Amino acid sequence: MDEFEQKILKILAKEFEYTQGLHVEVLKLQKLTGMKDEVNAALESLSQQDMVTLYTEKGKIKLAKITWKGLNEYGEVSLKYGLGKAFYETYAKEGY
Amino acid sequence: MVDYMPWWSPKSRKFADEVEAFVDSELIPIAMKLQEEGGDPWSIQWQASKLCIEKGFHPLMVLTEEKYGGTDQGYTGYTILNEEVGRCMLNINPLLTSVFGAGPILLYGTDAQKEEFLVPLVKGEKWASITVTEPDVGNDAAGVQMNAEKDGDEWVLNGWKRFITLAALSDYLMCYAVTDPSMKGIHRHLTAFVVERRSPGITVEKINKLEGDVEMANSVIRFHDVRVPAKNMILEPGDGWTVMTSALNIERMGIAGVIGQGRCLLETARAYAKRRVQFTEPVSRFEAVQLRMAEIKIRIETARAMIYYLADLLDKGEADMFEFGAKSSAAKIYCTTALGEIATQAAAICAGDGYTNEFSIYTTIKNALLMQIAGGSNDILRIFIGRNEFIKDVDERYLPRVLKGVTKEEIQDL
């Protein structure tokens, strides 16, 4: 996995932290990175490694989502979004 | 980009652009921070409300003439502001409550009353609440039991009011009290008063805890021998019913916030459906989801057209007030029902994610249910609209032949 593929994987992992059930639009990945063809190439490569799943329309990649394998590669994720600043402290205090 | 109505003046269009920029740059960041970090809805709504005042976007300021500190944007401006603020899903209850409380002063106040009460309300230095509901008075608004007796240059008020938004914090309470019970049959029994909330004899007896995300210090208040100067009376004794029903039109026009909330849910459902893949496709490609989106869109467009049309009628002074009450009631019923239906469709599209509080969908359903009972419940308004229709004479031009019956021509030879 090259450096750019790692970057794409990180972005997809960060998106997973926000919403676990949704894909990411490729247009957004292109906007975030300022790259176009490179994003498509990285996604295809990551897909071949089973790190991401893709949705394509008429041969064009439209959506991408990190897989469990990709998340294992990425490491720790923190699904804290929307739970408030002190959520984990409270959670820990309650013994979970 | 704001979706201008074709009849908006250049002034309204400019105002819409300014409001849109204000909401994007000032209010959306507050809403995002609230969603990300959590927070106290009470302090957030005050923060948002004070920001609106600071930047000149108090809905009361928008409705008020320039000579009393307003920006005179009319009902179109008022509707634009409510729609735009609605789309960031932030409460500005203190501001709207003040508008509803100040409505009678705005519509019928004398110059002196406007100088004394309206000017500080417009500046956001003072706050007002409307008080109609009582322990035994809900839909039967004409059945108000609060009593007012004249004593020299003062009126003495006794009674209880219930479900009064922000009453504990307001400076003025717009009260309706019985001044002549014998005139109830012709709705001339009530009189409207502006009452200083801190007057001796007024006590806040309870603050209700509410569902939804609405933190409104919703209160039960007691009036025990509260003395009100006669100068605080709106119009004349017996005019209270007219004042109340006209001022409620302002409250009903404030319902435009639901269009903004509906637009917010439309975008939420759109974003979700385009990115949610099931059966190897985004769910936006499924007709079942497209039909639900269509139902959302139909309601937003219809609600928007209704409200802006009514605002334009008021601004141009072309509203027949007898007919307008029915029209504004119809819009209120439609918009509040539509918001509940929009939220239900959005909930179906966003499924499990929609049930998390990150999506605000179920909170919107609760808020829609509140709006369906506030400002005149939808049921009582339906009865009002229906009765109104039977008060009118039949327009014979529309009738089938059998209902036209015998004509003049037929009896010429008789």
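Over 25 Å between C-alpha atoms is what I'm after, so list which of A:14/B:55; B:297/B:332; A:65/B:274 land there.
Listed pairs above 25 Å: A:14/B:55.
Would you mind ranking B:88, B:52 so that the residue whose beta carbon has the fewest other beta carbons within 10 Å leads the list? Don't skip to the answer; put the middle values down first.
Working: B:88 21, B:52 26.
So the ranking, lowest neighbour count to highest, is B:88, B:52.
Hey, fewest Cβ within 10 Å first, where do B:406, B:289 land in order?
On the way: B:406 8, B:289 20.
Ranking B:406, B:289 by Cβ neighbours within 10 Å, fewest first, gives B:406, B:289.
Set Lys and Arg Cβ to +1 and Asp and Glu Cβ to -1, take the dipole of the stretch B:264-414 about its Cα centre, and tell me which of B:351, B:374, B:402 lies farthest positive.
Positive-most Cα among the choices belongs to B:351.
Please list, or write none, the lysines whose alpha carbon is within less than 17 Å of the alpha carbon of residue B:209, excluding same-chain residues fewer than 8 places away.
Leaving aside lysines fewer than 8 places away in the same chain, those within reach of residue B:209 are B:161, B:366.
Using Cα positions and a limit of under 15 Å, work out the aspartates and glutamates in reach of residue B:50, with same-chain residues fewer than 8 apart set aside.
Correct list for residue B:50: B:26, B:125.
Would you list which aspartates and glutamates come within 14 Å of residue A:28, measuring only between C-alpha atoms, while excluding same-chain residues fewer than 8 positions from it?
A:15, A:37, A:38
What residue among B:325, B:339, B:289 has its Cα farthest toward the positive end of the dipole of the stretch B:195-341, where the charges are +1 on Lys, Arg and -1 on Asp, Glu, each on the Cβ?
It is B:289.
Could you sort A:24-34, B:301-311, B:316-326, B:353-363 so that the peptide with the highest average Cβ count within 10 Å comes first and the rest follow in order? All intermediate terms of the calculation are to be shown ahead of the outcome.
On the way: A:24-34: 16.0, B:301-311: 19.8, B:316-326: 13.3, B:353-363: 17.6.
So the order, starting with the most tightly packed, is B:301-311, B:353-363, A:24-34, B:316-326.
What is the magnitude of the charge dipole of the stretch B:10-123 about its Cα centre, with +1 placed on the Cβ of each Lys and Arg, -1 on the Cβ of each Asp and Glu, and no other charges, expressed in debye to the nearest 20?
Values: 10 positive and 17 negative charges, 29 e Å.
Its charge dipole is roughly 140 debye.
Can you compute the modelled spin-label distance between residue B:9 and residue B:51, with each label point 7 Å from Cα toward Cβ, in nm?
Simple spin-label model gives 3.0 nm for this pair.
Among the listed pairs B:114/B:316; B:114/B:231; B:114/B:206, give every one whose C-alpha distance is greater than 20 Å.
Numbers: B:114/B:316 22 Å; B:114/B:231 12 Å; B:114/B:206 31 Å.
Beyond 20 Å: B:114/B:316; B:114/B:206.
What number, rounded to the nearest 500 deg cm²/dmol, is the helix-based mean residue ellipticity at 222 nm of chain B, given -39500 (n - 2.57) per DSSP H run of at least four residues and division by all its residues? Please report the intermediate quantities before stating the final value.
Working: 15 runs with 207 residues, N = 414.
Calculated at 222 nm, the ellipticity per residue is -16000 deg cm²/dmol.
Averaged across the residues of A:20-26, what count of C-beta atoms belonging to other chains lies within 10 Å of each residue's C-beta? Spell out each step's value before the answer.
Working: counts 1, 9, 9, 5, 1, 4, 0.
Mean partner-chain Cβ count within 10 Å for A:20-26: 4.
Using only atoms on other chains, find how many Cβ atoms lie within 10 Å of each Cβ of peptide B:276-286 and report the average.
Working: counts 5, 9, 1, 0, 2, 3, 7, 0, 0, 2, 0.
Per residue, the average neighbour count from other chains is 3.
Going from the alpha-carbon gyration tensor of the protein assembly as shown, what semi-axes, largest first and in whole Å, does one get by taking the root of 5 times each eigenvalue?
Working: eigenvalues 499, 186, 82 Å².
Its equivalent ellipsoid spans semi-axes of 50, 30, 20 Å.
Nothing charged except the Cβ atoms of Lys and Arg (+1) and of Asp and Glu (-1): what's the magnitude of the dipole of the stretch B:208-274 about its Cα centre? Round to the nearest 20 debye. Show your work: numbers first, answer last.
Details: 8 positive and 8 negative charges, 43 e Å.
So the dipole magnitude of the stretch B:208-274 works out to roughly 200 debye.
Test of understanding: ordering B:394, B:85, B:258, B:132 by Cβ neighbours within 10 Å, fewest first, what list do you get?
On the way: B:394 9, B:85 27, B:258 30, B:132 22.
Result, fewest neighbours first: B:394, B:132, B:85, B:258.
Calculate one ³J(HN,Hα) per residue across the stretch B:158-167 by plugging θ = phi - 60° into the Karplus curve 6.51 cos²θ - 1.76 cosθ + 1.60, and present them in order as whole Hz with x for glycine and proline.
Taking θ as phi minus 60°, the curve returns 9, x, 10, 10, 9, 6, 9, 5, 6, 4 Hz for the stretch B:158-167.
Sorted by mean Cβ packing within 10 Å, highest first, what order do the peptides B:2-13, B:89-100, B:137-148 take?
Details: B:2-13: 13.9, B:89-100: 24.2, B:137-148: 17.3.
My ranking of the peptides, most packed first, is B:89-100, B:137-148, B:2-13.
No lab work stands behind these numbers, since they all come straight from the coordinates. In this text the structure is predicted, and so the values were computed from the model without any measurement. Methodologically, a virtual Cβ is constructed for each residue, glycine included, from the backbone with ideal geometry; neighbour enumeration extends over all protein chains shown.
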